[in-house]
Amino acid sequence: MDIKVNYYEILGVSVTAETAEIKSAYRKLARQYHPDVCGNDEESVNKFKKITEAYEVLSDTEQRKKYNMLKGIYTERVEKTEQTGKNEKAEQVNEETKKQEASKAYKQTSQKQKTQQGFSNVFSDILDNLKNKQSTSKNKSKKEQPKNGEDIVCEVMLTMLEAINGCNKTVNILVTEPCKACNGRQFINQTKCRACDGKGEEQNHKKITVKIPPSVKPGSKIRIPNEGNKGINGGKNGDLYLNVQIETSDIYKYDGLNINYNLVLAPHDAVLGCTKEINVPDGKVSMKIMAGTTQGQKYRLANQGIKKGNKTGDLIVTIKIDIPKDLTQEEKDLYKKLQDVANKETAK
């Protein structure tokens, strides 16, 4: 019993309220602030405790009498007696007598006394009403209303060939799921869930293999249905969106539907000619390099670029001649002979 608290104000009743009125006010407030209705947030839990404490004191005749004495509430009120149904008036006593009785009662009362049968019945009624199928449709609808899961967006990095040819790619995503301990309710037995720290959800890493279609471009967005965060109460799962990023490459570059490809040749291949295999979207293609090919010379391979609808781009091959840096003595001797031959031809 806390004499600093105004129990009458908490329940919203007057100091002359009858027991039936107090009981009715408590039921109404308890239904409104019960943790099963308000989601067990801290403010509602504290409010419910204060309402319950006020009811325990004011619904018990002796407790209420002691409380009134300690608070200095002196009034004439009428209470209904449950056993006889008769009305009786409370006697007024002088201020000094009441203070003496209150002091004596306070010393004899070391712990709060709880109303046993009355409180038990009221609390049982509240729980029954909350669990009953005919409970307030608004609260029931709110509790069982499906909630769709949110979408997840992440980036996927592809090589140029993976982007051109398509591939299967494993991505690691962070998904948010209802806490398995409290099933998303945030509280267990009116106590904050320790597993999720009262958040009602937990985050887990998940690996998923996705199929990347061929000919995707940088900045493309790929949608993977139902692979986002999970829905609650039968709600739909969110989707996974992959933002495509392509590694920079000195060999392949996009140009609309065309693909620019840099082919590096050794000097002797450029001089004498050769045949090279080149990776294209549909696999590999053999390309014949003509003798006497020079640095920067371009070759066009028709219909070997990116396909889009009924159109297909070309593969544009640009020759890059690689000048060797680390030569063996034998290679140096051969280049010296070539130089001597070239000088003789120029002298003629």
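Miscellaneous remarks
- The stretch 148-185 - residue that is small (Gly, Ala, Ser) and within 15 Å of Asn237 (Cβ to Cβ) and, of those, surrounded by the fewest Cβ atoms within 10 Å (Cβ to Cβ): Gly184
- Applying the condition of being buried (at least 16 other Cβ atoms within 10 Å of the Cβ) and within 17 Å of Asn189 (Cβ to Cβ) to the stretch 36-55 and asking which residue is nearest to the chain's Cα centre (by Cα) yields Asn40.
- Residue satisfying condition, being assigned to a strand (DSSP E or B) and loosely packed, with under 14 Cβ neighbours inside 10 Å, within set Lys284, Lys320: Lys284
- Residue in the stretch 123-144 that is modelled with pLDDT under 80, surrounded by 14 or more Cβ atoms within 10 Å (Cβ to Cβ) and either of a type in the set (A, V, I, L, M) or assigned to a strand (DSSP E or B) (or both) present: yes
- Filtered residues of the stretch 35-94 (kept if modelled with pLDDT under 70 and either at positive phi or among the polar types (S, T, N, Q) (or both)): Gly39, Asn40, Thr75, Thr81, Gln83, Thr84, Gly85, Asn87, Gln92, Asn94
- Options Glu155, Glu177: the member that is farther than 21 Å from Ser220 by Cα, part of a strand (DSSP E or B), within 23 Å of the chain's Cα centre (by Cα) and in contact (Cβ under 8 Å) with a residue 24 or more places away in the chain: Glu177
The values are calculated or read from the model by the stated rules, or taken from the named source; none is laboratory data. Being a predicted model, the structure only gives us computed values, none of them experimental. All Cβ positions, even for glycine, are placed from backbone atoms using ideal geometry, and neighbour counts span all protein chains on display.
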